[in-house]
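Undergrad: One structure is given below, represented as structure tokens, and several questions about it will come after.
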Amino acid sequence: MPITPLPAAKTLDTYFLEARSKLLDLAGVLDRIGRGQDAAATDTDPRLEKIRQALEVLHDRSGGRAERIQKIFSLDYDSGWEKPVSK
């Protein structure tokens, strides 16, 4: 049986405070980076660039945001990766 998503208004009611909290946490992290000693040196840090890319995806209303952000932070597939061996 397919799962029916919650109505948009109910979803907003349910998750608004959680989303607000996470956004405030992220804003605080970015503020601490920006106030840090030698903050300009982080402007080209690839990790910060990934955060900026993710924020752009969040702003985009076309959907699939979670998957697109996951891809930003994921490594590309490497066919040479060795399969883990059980101990």
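Undergrad: First compute the accessible area of the chain with a 1.4 Å probe, then give the percent of it belonging to carbon and sulfur atoms. Write out the running numbers ahead of the final one.
TA: Numbers: 4760 of 8230 Å².
In the chain, the share of accessible area belonging to carbon and sulfur is 58 percent.
Undergrad: Any idea of residue 49's accessible area? Nearest 10 Å², probe 1.4 Å.
TA: Spelled out: residue 49, probe radius 1.4 Å, area about 70 Å².
Undergrad: Taking all protein chains together and a probe of 1.4 Å, list 38, 45 from the most accessible to the least accessible.
TA: Values: 38 120, 45 35 Å².
Result, largest first: 38, 45.
Undergrad: Rank 71, 50 by accessible area, highest first, at a 1.4 Å probe radius? The partial results should precede the final answer.
TA: Numbers: 71 135, 50 70 Å².
Listed by decreasing accessible area, they come as 71, 50.
Undergrad: Along the Cα→Cβ direction, 7 angstrom out, place labels at residue 8 and residue 67. What is the inter-label distance in nm?
TA: Using points 7 Å along Cα→Cβ, the separation is 2.0 nm.
Undergrad: Where in the chain lies the longest segment free of chymotrypsin sites (Phe, Trp or Tyr not before Pro) that are both loop residues by DSSP (not H, G, I, E, B) and have at most 16 other Cβ atoms within 10 Å? Please list the in-between numbers first.
TA: On the way: sites that count: 77, 81.
By the stated rule (loop sites, at most 16 other Cβ atoms within 10 Å), 1-76.
Undergrad: Rounded to the nearest 0.05, what FRET efficiency is calculated for residue 87 and residue 47 with R0 set to 25 Å and r the Cβ-Cβ distance?
TA: Details: r = 32 Å, r/R0 = 1.26.
Result of the calculation: an efficiency of 0.20.
Undergrad: If packing is taken as the mean number of other Cβ atoms within 10 Å per residue, what is the order of 51-59, 1-9, highest first? Each step should come with its number before you reach the end.
TA: Details: 51-59: 13.6, 1-9: 7.0.
By packing density, highest mean first, the sequence is 51-59, 1-9.
Undergrad: Related question: Solvent-accessible area per residue for the chain at a 1.4 Å probe radius, Å²? Walk me through the numbers before you get to the answer.
TA: Numbers: 8230 Å² over 87 residues.
Value returned for the chain: 95 Å² of accessible area per residue.
Undergrad: Among all helices in the chain defined by DSSP H, which have a length of 24 Å or more along the axis from Cα atoms plus a Kyte-Doolittle mean of at least -0.5? Provide the component values of the computation, followed by the final result.
TA: Numbers: long enough: 8-35 (38 Å, 0.07).
Taking the DSSP H segments of the chain (at least 24 Å long, mean hydropathy at least -0.5), we get 8-35.
Undergrad: Which residue fluctuates the most in the chain, going by a Gaussian network model with Cα springs under 10 Å, if the choices are 43, 13, 25?
TA: Result: 13 has the largest fluctuation of those listed.
The values are calculated or read from the model by the stated rules, or taken from the named source; none is laboratory data. Owing to the predicted nature of the structure, the values given are computational and were not obtained by experimental measurement. All Cβ positions, even for glycine, are placed from backbone atoms using ideal geometry, and neighbour counts span all protein chains on display. Just the protein is used for accessible areas: all its heavy atoms, side chains included, with ligands, DNA and RNA removed. Shrake-Rupley method; radii C 1.70, N 1.55, O 1.52, S 1.80 Å.
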